[in-house]
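Notes follow the structure.
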Amino acid sequence: MTVVNTVIEPLLEVFDEDLEDLCDAAESAILDGGGFGWLRPPPRAVLGRYFRGVIMVPERHLFVGRLDGRIAASVQLQEPPRNNEAQAHAALLTTLFVAPWARGHGISRRLVQSVEELATELGYLMLNLDLRSTQTAAIQIYEAQGFTRWGTNPAYALVDGKFVEGHYYSKQLRELPKTKKSRNRNKPAK
Ligand SMILES: CC(C)(COP(=O)(O)OP(=O)(O)OC[C@H]1O[C@@H](n2cnc3c(N)ncnc32)[C@H](O)[C@@H]1OP(=O)(O)O)[C@@H](O)C(=O)NCCC(=O)NCCS
């Protein structure tokens with residue numbers, strides 16, 4: 001068996017060579033039919049601008065997976081918008097992909113763990129995600145890591161003129177903080 005070196009890390013700034021690798025990996029994952037919203041790879045310049053933009057958005061955190069030094073995978077943690085107080089407890093795991101040539105080395109499992117760790121560190125209670133029901137490998141990975149499916153949208157995506165259903169998953173990252181009311185529940189009334 002060939003031994004490979006894999007590294008998972010946040011990408012805080014992007015150099016040209018890394019950007020090329022990231023775009024190559026995204027393109028090959030899109031062509032393979034998976035993940036990432038796009039059904040066909042957009043022009044390279046669009047993809048490059050997209051990733052440069054992601055790095056600049058304060059609510060988005062980009063992690064990459066490297067195989068033998070080259071970027072081969074990525075995922076993002078998306079924090080909720082600041083005006084959404086009612087949903088300020090929940091972050092989104094989104095756009096996970098691993099280039100086909102880098103699969104089977106545990107990169108996606110560790111990318112998902114990194115997102116989960118950061119979401120916990122940032123104080124979120126819930127981590128949400130959604131994906132097409134055809135993405136069976138990813139479904140197995142998410143379920144193995146404790147995400148629970150709570151809903152299905154039959155018209156989640158439109159692919160070649162046909163609806164594709166999508167599943168919604170959540171994972172609770174920690175216990176709800178106790179409210180004053182529940183802390184005092186057993187105290188005798190004055
Ligand atoms: C899903 C995907 C991210 C998996 O990437 P990967 O790096 O090969 O996955 P890993 O090597 O980390 O595998 C993690 C676990 O899932 C299992 N797994 C991986 N691919 C699998 C498959 N096709 N079928 C069944 N199990 C699979 C592995 O055996 C491993 O199990 P283990 O932890 O018990 O060893 C990759 O196939 C991909 O990019 N697919 C297309 C995009 C996509 O579906 N993205 C998700 C949408 S948000």
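The values are calculated or read from the model by the stated rules, or taken from the named source; none is laboratory data. Bear in mind the structure is a predicted one, so any value in this text is a computation, not a measurement. As a convention, Cβ positions derive from the backbone with ideal geometry for all residues, glycine included, and neighbour counts pool all protein chains shown.
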Hey, Ala86 more than 12 Å from the ligand (Cβ to nearest atom) and modelled with pLDDT under 95 or not: yes
Do we find a residue being closer than 15 Å to Ser108 by Cβ, touching an Asp or Glu at 6+ places or on another chain (Cβ under 8 Å) and free of Cβ contacts under 8 Å to residues at least 60 places away in the same chain anywhere in region 3-12? no
Take region 95-112 and flag every residue that is in contact (Cβ under 8 Å) with a residue 40 or more places away in the chain, buried (at least 22 other Cβ atoms within 10 Å of the Cβ) and among the hydrophobic types (A, V, I, L, M, F, W, C). Leu96, Phe97, Val98, Ala99, Ala102, Ile107, Leu111
Please verify whether region 96-103 includes one or more residues that are within 13 Å of the ligand (Cβ to nearest atom), part of a loop (DSSP other than H, G, I, E, B) and not aromatic (Phe, Trp, Tyr). yes
Just to be sure before I move on: is Pro58 surrounded by fewer than 18 Cβ atoms within 10 Å (Cβ to Cβ), of a type outside the set (A, V, I, L, M) and more than 16 Å from the ligand (Cβ to nearest atom) in the structure I sent? yes
Members of region 113-131 that are crowded, with 19+ Cβ neighbours inside 10 Å and either near the ligand (Cβ under 8 Å from one of its atoms) or free of Cβ contacts under 8 Å to residues at least 12 places away in the same chain (or both): Leu129, Leu131
Does region 23-45 contain any residue that is assigned to a loop (DSSP other than H, G, I, E, B), more than 14 Å from the ligand (Cβ to nearest atom), of a type outside the set (A, V, I, L, M) and closer than 24 Å to Thr120 by Cβ? no
Give just the number: which of (1) out of contact with any Lys or Arg (no Cβ under 7 Å at 6 or more places or on another chain); (2) surrounded by 13 or more Cβ atoms within 10 Å (Cβ to Cβ) does Ile141 not satisfy? (1)
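For (1) part of a helix (DSSP H, G or I); (2) in contact with a Phe, Trp or Tyr (Cβ under 8 Å, 6 or more places away or on another chain); (3) near the ligand (Cβ under 9 Å from one of its atoms); (4) at pLDDT 95 or above, each residue gets a yes or a no:
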position	(1), (2), (3), (4)
Val54	yes, no, no, yes
Leu62	no, yes, no, yes
Gln76	no, yes, no, yes
Arg82	no, no, no, no
Thr94	no, no, yes, yes
His105	no, no, yes, yes
Arg109	yes, no, yes, yes
